[in-house]
Amino acid sequence: MHPVLETTAPATAAADPTDLGMQRVDGVIRDRLASRVVLIDQISRYIVGAGGKRIRPRLVLLFAEALGFEGPERYELAAIVEFIHTATLLHDDVVDESAMRRGRATANAMFGNAASVLVGDFLYSRAFQMMVSVNRMRVLEVLADATNVIAEGEVLQLMNMHDPDLAVDDYLQVIRYKTAKLFEASARLGAVLAGAPLALEEACAAYGRSLGTAFQLVDDLLDYEGNSDELGKNVGDDLREGKPTLPLLLAMERAGEAERALIRHAIEHGEVHKLPEILAIVKRTGALDATRTAAQKEADEARQALAALPVSRAREALLELCVRSIHRSS
Ligand code: GRG
């Protein structure tokens with residue numbers, strides 16, 4: 001085969017209808033990052049320049065396109081959700097004391113906690129300035145509600161730290177709040193821009209919610225079985241923080257008494273040095289496979305929600321995202 005054609009990317013990737021649109025979004029992101037304050041410029045460009053998968057802005061563009069909206073507001077809204085996402089990452093890395101993100105030292109490791117939190121505030125408030133410029137009350141409502149729920153999710157997660165008795169439903173509530181809510185809002189905003197009827201808007205939101213849940217389940221899985229270089233962040237961070245995620249909750253349900261006690265103790269005390277032993281247990285008990293199955297079920301639900309949309313290239317790309325969100329290494 002000709003070397004140019006040898007690609008591991010899915011066959012449909014070349015036809016991704018958002019490619020040109022994403023270049024426009026990157027342009028908006030670059031323009032709106034501008035600040036007179038040098039440190040803000042430096043840190044925000046450091047984190048945004050590190051890349052990221054840009055999934056949330058893609059959702060805005062794809063749903064807008066699938067429903068026939070072609071106005072320039074879609075680029076602004078796509079940049080807004082990426083700014084909110086980036087603000088949450090800056091704050092989250094401080095809360096979690098993370099050292100690596102998007103393949104680089106985190107902003108908190110490079111510039112300190114205070115600067116990271118404050119630049120997160122800048123991005124968050126810049127996003128709200130941009131929302132006002134879109135001049136649609138419904139857009140403000142969706143994003144004000146979403147950011148409020150994200151913050152609630154993060155506080156709930158904080159309350160659940162080091163708790164090995166966390167119920168699976170309570171874990172699921174956290175991931176729906178902290179991660180799925182912004183996916184849901186991004187998808188919904190495409191429908192809002194297009195003026196879609198409420199039932200259709202709800203179908204788009206349901207897709208985002210399920211895809212976001214699947215995405216976080218895979219994130220939690222990769223924190224055990226992933227590769228730090230590919231992920232661009234350190235594996236084992238969740239254990240170090242004593243985060244009771246689904247792989248551990250399921251392993252405790254399935255393991256014998258001694259292994260259950262070992263995991264409980266590791267969650268209670270954030271024993272990251274036990275990672276190799278715990279990795280063996282989560283694998284042997286099938287807890288990783290079961291987490292993947294739960295993610296697949298959510299992705300299937302996302303796919304079903306798309307039945308409400310007319311057939312289009314954008315809908316195909318949204319179907320493809322369901323597959324890629326599950327089979328990913330970063
Ligand atoms: C500023 C509104 C606001 C809230 C602060 C800290 C916090 C409250 C929320 C954090 C929520 C959070 C970071 C959830 C995890 C979401 C997640 C899966 C992030 C990784 O997303 P990717 O893989 O990242 O899409 P890239 O780097 O590809 O953009």
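The values are calculated or read from the model by the stated rules, or taken from the named source; none is laboratory data. Treat the numbers as computed from the prediction; the structure is a model and nothing was measured. Neighbour counts are summed over all protein chains in view; Cβ atoms, including those assigned to glycine, are modelled from backbone coordinates with ideal geometry. In case anyone asks, the SASA skips ligands and DNA or RNA and just uses the protein heavy atoms, side chains included. Shrake-Rupley method; radii C 1.70, N 1.55, O 1.52, S 1.80 Å.
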Selection from Ala50, Phe83, Leu67 lying farthest towards where the dipole of the range 49-91 points positive, charges on Cβ = Ala50
Return the single residue from Ala194, Ala214, Ala258 with maximal mean-square fluctuation; model: Gaussian network over the chain, springs between Cα atoms under 10 Å.
-> Ala258
Around Met161, which amide H atoms from residues at least 5 apart in sequence, or from another chain, sit under 5 Å from its own amide H, with H modelled in the peptide plane?
-> none
For the chain, with every protein chain kept in place, what is the accessible area per residue (1.4 Å probe, Å²)?
-> 44
What ³J(HN,Hα) values, in whole Hz, does the Karplus curve 6.51 cos²θ - 1.76 cosθ + 1.60 give for the range 42-47 when θ = phi - 60°, with x put for Gly and Pro?
-> 5, 6, 5, 6, 4, 6
Could you give the nm distance between label points at Val168 and Asp121, where each point is 7 Å from its Cα heading toward the beta carbon?
-> 4.1
Just list whichever of Lys178/Lys283; Lys243/Lys274; Lys181/Lys297; Lys53/Lys297; Lys274/Lys297; Lys53/Lys233 have alpha carbons separated by over 24 Å in the model shown.
-> Lys178/Lys283; Lys274/Lys297
Relative contact order, percent, the chain [alpha-carbon distance under 8 Å, six or more residues apart] = 20
Square roots of five times the C-alpha gyration tensor eigenvalues of the chain, ordered largest first and given in whole Å, equal 32, 24, 19
Nitroxide proxy distance, nm - points 7 Å out along Cα→Cβ at Ala109 and Ala34 | 3.3
Taking amide hydrogens as modeled 1.01 Å from N in the peptide plane, which residues meet the under 5 Å criterion relative to Met100, leaving out close sequence neighbours?
-> Thr106, Asn234
Trypsin sites (Lys or Arg not before Pro) in the range 101-190 lying in a DSSP loop, each with at most 15 other Cβ atoms within 10 Å of its Cβ, come to Arg136
Rounded to the nearest 0.05, what FRET efficiency do Glu70 and Asp41 have when you use their Cβ-Cβ distance and R0 = 35 Å?
-> 0.65
Normalise the Debye intensity by I(0) for the range 233-330, one equal point scatterer per Cα, no solvent, then take log10 at q = 0.15, 0.22, 0.23 Å⁻¹ and round to two decimals.
-> -0.68, -1.05, -1.11
Any number yet on Rg/Rh for the range 114-224, C-alpha, Kirkwood?
-> 1.02
Of the accessible area of the chain, computed with a 1.4 Å probe and all protein chains kept, carbon and sulfur make up a percent value of 54
Sketch the reach of a paramagnetic label on Ser133 as a point 7 Å from Cα along Cα-to-Cβ, and name the residues of the range 53-84 whose backbone nitrogen lies under 17 Å away.
-> 71-84
Treat every Asp and Glu Cβ in the range 45-108 as -1 and every Lys and Arg Cβ as +1, leave all other atoms uncharged, and give the resulting dipole magnitude about the Cα centre to the nearest 20 debye.
-> 280
Only helical DSSP H runs with n ≥ 4 go in: add -39500 (n - 2.57) per run for the chain, normalise by residue count and round the 222 nm mean residue ellipticity to 500 deg cm²/dmol.
-> -23000 deg cm²/dmol
Quick one: Karplus J couplings for the range 240-254, per residue in order, coefficients 6.51, -1.76, 1.60, θ = phi - 60°, nearest Hz, x for Gly and Pro?
-> 4, 7, x, 8, x, 8, 4, x, 6, 4, 6, 5, 5, 4, 9
Starting from the Cα of Lys283, step 7 Å along the direction of its Cβ; do the same at Asn227; then give the gap between the two resulting points in nm.
-> 1.5
At the level of C-alpha centres, the distance separating the range 238-307 and the range 152-169, in angstrom, is 14
